[in-house]
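Colleague: Pasting a structure here, questions to come.
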Amino acid sequence: MYPEVRMRRLRTSQNLRDILQETHLLPSNFIHPLFVVHGEGVREEISSLPGQYHLSVDELVKECREIYAQGVRSVMLFGIPAHKDGTGSEALEDDGIVQQGLKALRDALPDLVTIADVCMCEYTDHGHCGILHGHEVDNDETLKYLAKQSVSMARCGAKIIAPSDMMDGRVAAIRAALDENGFTHIPIMSYAAKFASAFYGPFRVAADSAPSFGDRRGYQMNPANGREALREIELDIAEGADMIMVKPALAYLDILHEAYMRYDLPLAAYHVSGEYAMIKAAAAKGWIDHDRVMMESLLAIRRAGAQMILTYHAKEAAKLLNEGKF
């Protein structure tokens, strides 16, 4: 009790605060999401994500070299197809845009951990995450397409498959397809608890993936449901997920921490586009200190239990850590 117990004794100098710091960030904690497009020499800033770009394959390789030099060891690829159709056919072929990026990175940076997002929304002309039957997403039909997409991604060099569609049974279907095609060594990072969040808006602009009708609340989770999220995680683990993810991150730190306490699988959190864009917008107005708020946000996600943080801040945050500024 005060005055014998004085917590401020442990905060009297920067060196002492550093020694006693409980949670640390490393560049290797980060996974950088990137957007790949057709063409050559393309590096176009995304209007909804300042500092992020649509990159052709050659520019993707350059960007990944810079990211890797900062100590970030993993990237996740999203593709903007040349054309869209009802079945997202470009996602299924070995010459699809993400597959091209994977093959280029396999040759240029063989040690980089490449993660392939597996979903249909970027590739379909209706913008939903699966195959439609009328105006409803057909869960079981979609599994066949997700499995085929996953095998193609693995064949072209993906080192991790990350299904983000939220179809029931997708982890088991993808695991079976990977194993049947000789990819038993490829792990699955499941978007196990993905909420129907308003924080995805800037991404949908970047990926041109907004649904043309309705919304995704019929398959993504209700933001109000925490216990259901844990059940989703348990089911994906039972189906063979090697890693699990909570998305978004900051608004769902309670779910993230509960998952950390309950499950012993590697845990990721996606610091999503809206969370990134809000920091950029407020900093541009001079309302916040960009670097401090960015690093505090990432530290909070790490403190809640995430070993891996998917974040558009990855390269700039890694640079600050390497410079010893945080």
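Colleague: Across all directions of projection, what mean area in square nanometres is found for the Cα convex hull of the stretch 52-126? Could you put the intermediate results ahead of the total?
Modeller: Values: hull surface 19.8 nm².
Over all viewing directions, the stretch 52-126 projects a mean Cα-hull area of 5.0 nm².
Colleague: Among DSSP bridges having both ends in the chain, what percentage is antiparallel? Round to the nearest 5. Could you put the intermediate results ahead of the total?
Modeller: Working: 6 of 39 bridges.
In the chain, DSSP labels about 15 percent of beta bridges as antiparallel.
Colleague: Give the shape of the stretch 42-185 as rounded, prolate or oblate, defined through the alpha-carbon gyration tensor: a ≥ b ≥ c are the square roots of its eigenvalues, a/c under 1.5 means rounded, and otherwise the shape is prolate if a/b is larger than b/c and oblate if not. Could you put the intermediate results ahead of the total?
Modeller: Working: a/c = 2.14, a/b = 1.35, b/c = 1.58.
Since a/c reaches 1.5 but b/c is at least a/b, the shape of the stretch 42-185 is classed as oblate.
Colleague: Please give the per residue accessible area of the stretch 204-326, computed with a probe of 1.4 Å over protein heavy atoms only, in Å².
Modeller: Numbers: 5860 Å² over 123 residues.
Value returned for the stretch 204-326: 48 Å² of accessible area per residue.
Colleague: Measure nothing but the geometry: give the 0 to 90° angle between the long axis through the Cα atoms of 97-108 and the longest principal axis through the Cα atoms of the chain, rounded to 10°.
Modeller: For 97-108 against the chain, the angle is about 60 degrees.
Colleague: How high is the FRET efficiency from Ala282 to Met7, r the C-beta distance, R0 30 Å, rounded to 0.05?
Modeller: Working: r = 31 Å, r/R0 = 1.03.
The calculated FRET efficiency here is 0.45.
Colleague: With +1 on the Cβ of every Lys and Arg and -1 on the Cβ of every Asp and Glu, and nothing else charged, how large is the dipole of the stretch 181-326 about its Cα centre, in debye rounded to the nearest 20?
Modeller: Using Cβ point charges on Lys, Arg, Asp and Glu, the stretch 181-326 gives about 380 debye.
Colleague: Select from the stretch 245-295 those chymotrypsin sites (Phe, Trp or Tyr not before Pro) which occupy a DSSP coil region and have at most 13 other Cβ atoms within 10 Å, ordered by residue number.
Modeller: Values: sites: Tyr252, Tyr260, Tyr263, Tyr270, Tyr276, Trp287; in loops: Tyr263, Trp287.
When the chymotrypsin sites (Phe, Trp or Tyr not before Pro) of the stretch 245-295 are filtered for loop state and at most 13 Cβ neighbours within 10 Å, Trp287 remain.
Colleague: Related question: Using alpha carbons only, how many degrees (0 to 90, rounded to 10) separate the axis of helix 273-284 from the longest principal axis of the chain?
Modeller: 50 degrees
Colleague: Roughly how much of Val137 is accessible, in Å² to the nearest 10, using a 1.4 Å probe?
Modeller: That residue has around 40 Å² of solvent-accessible surface.
Colleague: Under 1.5 on a/c is rounded, so check that first for the stretch 153-241, then, if it is not, pick prolate when a/b is larger than b/c and oblate when it is not; a ≥ b ≥ c are the square roots of the alpha carbon gyration tensor eigenvalues.
Modeller: Details: a/c = 2.49, a/b = 1.40, b/c = 1.79.
Here the stretch 153-241 falls in the oblate category.
Colleague: Rg and Dmax of the stretch 222-326, using alpha carbons, in Å: what are they?
Modeller: For the stretch 222-326, the Cα radius of gyration and maximum Cα-Cα distance read 15.0, 47 Å.
Colleague: Please give me the summed charge of the neighbours of Thr87: other residues whose Cβ is under 12 Å from its Cβ, Lys and Arg +1, Asp and Glu -1. Mind showing how you got there, number by number?
Modeller: Numbers: positive: Lys84, Lys144, Lys148; negative: Asp85, Glu90, Glu93, Asp125, Asp138, Glu141.
Within the 12 Å Cβ shell, the charges total -3.
Colleague: Which lysines have a Cα less than 22 Å from the Cα of Lys319, not counting those fewer than 8 places away in the same chain?
Modeller: Straight-distance partners of Lys319: Lys62, Lys280.
Colleague: For the Cα atoms of the chain, what angle does the longest principal axis make with the long axis of helix 253-262, in degrees from 0 to 90, nearest 10?
Modeller: 90 degrees
Colleague: Which value, in debye to the nearest 20, describes the size of the charge dipole of the chain about its Cα centre when Lys and Arg Cβ atoms bear +1, Asp and Glu Cβ atoms bear -1, and nothing else is charged? Walk me through the intermediate numbers first.
Modeller: Working: 34 positive and 45 negative charges, 303 e Å.
Result for the chain is approximately 1460 debye, rounded to the nearest 20.
Colleague: Looking at the stretch 29-166, send over the antiparallel percent of its DSSP beta bridges, to the nearest 5. The partial results should precede the final answer.
Modeller: Numbers: 6 of 24 bridges.
Within the stretch 29-166, antiparallel bridges account for around 25 percent of the total.
Colleague: If you roll a 1.4 angstrom probe over the protein chains with everything in place, what fraction of the accessible area of the stretch 104-241 belongs to carbon and sulfur, to the nearest %? Provide the component values of the computation, followed by the final result.
Modeller: Working: 2750 of 5540 Å².
C and S atoms contribute 50 percent here.
Colleague: From the square roots a ≥ b ≥ c of the eigenvalues of the alpha-carbon gyration tensor of the stretch 1-82, which class results: rounded (a/c under 1.5), prolate (a/b over b/c), or oblate? Working shown, then result.
Modeller: On the way: a/c = 4.41, a/b = 3.38, b/c = 1.31.
The shape class here is prolate.
Colleague: Let me ask something additional. What's the carbon and sulfur percent of the stretch 40-101's accessible surface, probe 1.4 angstrom, rounded to a whole number? Display every interim value, and only then the final one.
Modeller: Details: 1140 of 2480 Å².
Of the solvent-accessible surface of the stretch 40-101, carbon and sulfur hold 46 percent.
Colleague: Provide the per residue accessible area, probe 1.4 Å, for the stretch 41-88, rounded to a whole number of square angstrom. Working shown, then result.
Modeller: On the way: 1940 Å² over 48 residues.
Value returned for the stretch 41-88: 40 Å² of accessible area per residue.
Colleague: Per DSSP H run of at least 4 residues, take -39500 (n - 2.57); add these up for the chain, divide by its residues and hand me the 222 nm value, nearest 500 deg cm²/dmol.
Modeller: Numbers: 11 runs with 127 residues, N = 326.
The per-residue figure over the chain is -12000 deg cm²/dmol.
Colleague: Let me check the size of the chain from its C-alpha atoms; what are the radius of gyration and Dmax in Å?
Modeller: Every Cα atom of the chain included, Rg and Dmax give 20.0, 70 Å.
Colleague: In the chain, if the dipole is taken from +1 on Lys/Arg beta carbons and -1 on Asp/Glu beta carbons about the Cα centre, which of His38, Ala69, Ala284 is farthest to the positive end?
Modeller: Ala284
Colleague: To continue, here is another question. For the ranges 159-167, 175-183, what's the packing order if you count other beta-carbon atoms within 10 Å of each residue, average per peptide, and put the highest first?
Modeller: Values: 159-167: 24.0, 175-183: 16.4.
Result, highest mean Cβ count within 10 Å first: 159-167, 175-183.
Colleague: Run the 1.4 Å probe and let me know the accessible area of Asp291, rounded to the nearest 10 Å².
Modeller: Near enough 60 Å² of accessible area.
Colleague: Another question, then. In whole Å, how far is the Cα centre of the stretch 160-217 from that of the stretch 74-97?
Modeller: Distance between centres, Cα-based: 13 Å.
The values are calculated or read from the model by the stated rules, or taken from the named source; none is laboratory data. Keep in mind the model is a prediction, meaning the values are calculated, not measured. In this analysis, Cβ positions are derived from the backbone assuming ideal geometry, glycine residues included, and neighbour counts consider all displayed protein chains. These accessible areas exclude ligands, DNA and RNA; they are computed on the full protein's heavy atoms, side chains included. Shrake-Rupley method; radii C 1.70, N 1.55, O 1.52, S 1.80 Å.
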